[in-house]
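**Q** Below are the structure tokens for one structure; questions will follow.
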Amino acid sequence: MNKNIVLIDALNLIRRIFAVDMQHSHHSDQQIIASCKARVKHATQKIIQLTKPTHMIAVFDGDQSWRYHYFEQYKHSRKPMPSLLFGNLTTICEAFSELGVTAYRPEQDEADDIIATLAYKAQTNGISSTIISTDKGFYPFISDYIGIFDYFKKAWVTDEEVESRFGVPKSSLIELWALAGDKTNDIPGVAGIGSKSAVALIREYGNVDTAMANEQFKPALRNKITEGMDNYIISKNLVTLRTDIHLGFNLNQIRLTALDAMV
């Protein structure tokens, strides 16, 4: 049997499901958690039925990854996880283990880096993987071996969709976010350069290095990039997912163990 890995961005899935359950304010905390766990389990079953994986893992975020130490303002304005959810993650985690799916909760690393590492390692060995997430940070990884499925839209993310949404191909997304920043994660980008200017630069020159080396490059943009070069470099490092995280486990350890979950 050919290997097929499914990588679930666990909190990305859980927090969206939990937000829906929280709308039922007449329910008790216990009912909300029970409903969230049941809905996470149901979602996981649907994902298994769709993707038919041989290996599967739900990856959580660890505490204070390297990005928080590298850039103090990283995700500074993001709302913290609701205390009810935070205090019951272990219970909700059981939704995965009950289906034979490994739930991985690292001490520090972000789920994005771990998932990117797993997908990259699988690709280098000719193994297909599917990332279950709505996080745009995974888009640069889309390839013949790496697919991204948005569970809430019930749709695969395509190259055409990415370029239509951002104005540049997936291979230029890192450059785009390094220039224009990303407000959702408090990534600064270059002051004075928004998405429109960044897209125009990329479409004409491909990247900052080529633009800065061209004598015809607009002086105003050149000055902004020169003055904001530190933030450009910081932003580029922040938005680039790592593929070299030490995982501490091997592929055999994330085999989908409950065969009935695949039915």
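The values are calculated or read from the model by the stated rules, or taken from the named source; none is laboratory data. Source: prediction; values computed, not measured. Here the Cβ is made from the backbone with ideal geometry for all residues, glycine too, and neighbour counts use every protein chain on show. Accessible surface is based on the protein model in full, side chains and every heavy atom, while ligands, DNA and RNA are left aside. Shrake-Rupley method; radii C 1.70, N 1.55, O 1.52, S 1.80 Å.
**Q** Give the residues of the range 127-164 that are of a type in the set (S, T, N, Q) and open to solvent by 60 Å² or more (accessible area, probe 1.4 Å), sorted by residue number.
**A** 164
**Q** Give the range 1-12 a look and list any residue that's open to solvent by less than 10 Å² (accessible area, probe 1.4 Å) and under 15 Å from residue 90 (Cα atoms), or say none.
**A** Of everything in the range 1-12, just one residue is open to solvent by less than 10 Å² (accessible area, probe 1.4 Å) and under 15 Å from residue 90 (Cα atoms), namely 10.
**Q** In addition: Only one of 174, 245 is assigned by the TED database to the domain that holds residue 75, touching a residue at least 40 places away in the same chain (Cβ under 8 Å) and under 27 Å from residue 8 (Cβ atoms); which?
**A** Unique residue meeting the criteria: 245.
**Q** Yes or no: the range 69-92 includes at least one residue that is on the phi > 0 side of the Ramachandran plot and of a type in the set (D, E, K, R).
**A** Yes, the range 69-92 contains a residue that is on the phi > 0 side of the Ramachandran plot and of a type in the set (D, E, K, R).
**Q** Separate question: Would you confirm, using the coordinates I've provided, whether residue 224 is over 18 Å from residue 162 (Cα atoms), open to solvent by 40 Å² or more (accessible area, probe 1.4 Å), touching a Gly at 6+ places or on another chain (Cβ under 8 Å) and of a type in the set (D, E, K, R)?
**A** yes
**Q** Within the range 102-133, can you find the residues that are among the aromatic types (Phe, Trp, Tyr) and either assigned to a helix (DSSP H, G or I) or not assigned by the TED database to the domain that holds residue 45 (or both)?
**A** 120
**Q** Another question about this same structure. When you scan the range 19-51, how many residues do you find that are open to solvent by 60 Å² or more (accessible area, probe 1.4 Å), within 24 Å of the chain's Cα centre (by Cα) and polar (S, T, N, Q)?
**A** Residues in the range 19-51 being open to solvent by 60 Å² or more (accessible area, probe 1.4 Å), within 24 Å of the chain's Cα centre (by Cα) and polar (S, T, N, Q): 2 in total.
**Q** Also, quick follow-up: Name the one entry in 117, 124, 54 that is more than 14 Å from residue 10 (Cβ to Cβ), β-branched (Val, Ile, Thr), open to solvent by less than 30 Å² (accessible area, probe 1.4 Å) and over 19 Å from the mean Cα position of the chain (by Cα).
**A** Just one listed residue meets the conditions, 54.
**Q** Search the range 17-33 for residues that are within 18 Å of residue 87 (Cα to Cα) and modelled with pLDDT of 85 or more and pair each with any residue that is open to solvent by less than 80 Å² (accessible area, probe 1.4 Å) and not in a helix (DSSP H, G or I) when their beta-carbon atoms are under 6 Å apart and the residues are at least 6 apart or on different chains.
**A** Close Cβ pairs (under 6 Å, with a partner that is open to solvent by less than 80 Å² (accessible area, probe 1.4 Å) and not in a helix (DSSP H, G or I)) amount to 33/88.
**Q** Only residues in the range 40-65 that are over 21 Å from residue 135 (Cβ atoms) count as the first member; pair them with residues that are at pLDDT below 95 and in a helix (DSSP H, G or I), Cβ under 8 angstrom, at least 6 apart or cross-chain, and list the lot.
**A** Matching pairs, first to second residue: 45/261; 49/262; 52/262.
**Q** Only one residue in 80, 53 is part of a loop (DSSP other than H, G, I, E, B) and modelled with pLDDT of 95 or more, so which one is that?
**A** Every option except 53 fails the conditions.
**Q** Going residue by residue through the range 183-191, is there one that turns out to be more than 20 Å from the chain's Cα centre (by Cα) and either within 30 Å of residue 72 (Cα to Cα) or part of a helix (DSSP H, G or I) (or both)?
**A** Yes: the range 183-191 contains one or more residues that are more than 20 Å from the chain's Cα centre (by Cα) and either within 30 Å of residue 72 (Cα to Cα) or part of a helix (DSSP H, G or I) (or both).
**Q** Looking at the range 66-75, can you tell me whether even one residue there is within 26 Å of residue 249 (Cα to Cα), out of contact with any Lys or Arg (no Cβ under 8 Å at 6 or more places or on another chain) and not in a helix (DSSP H, G or I)?
**A** The answer is no; no qualifying residue exists.
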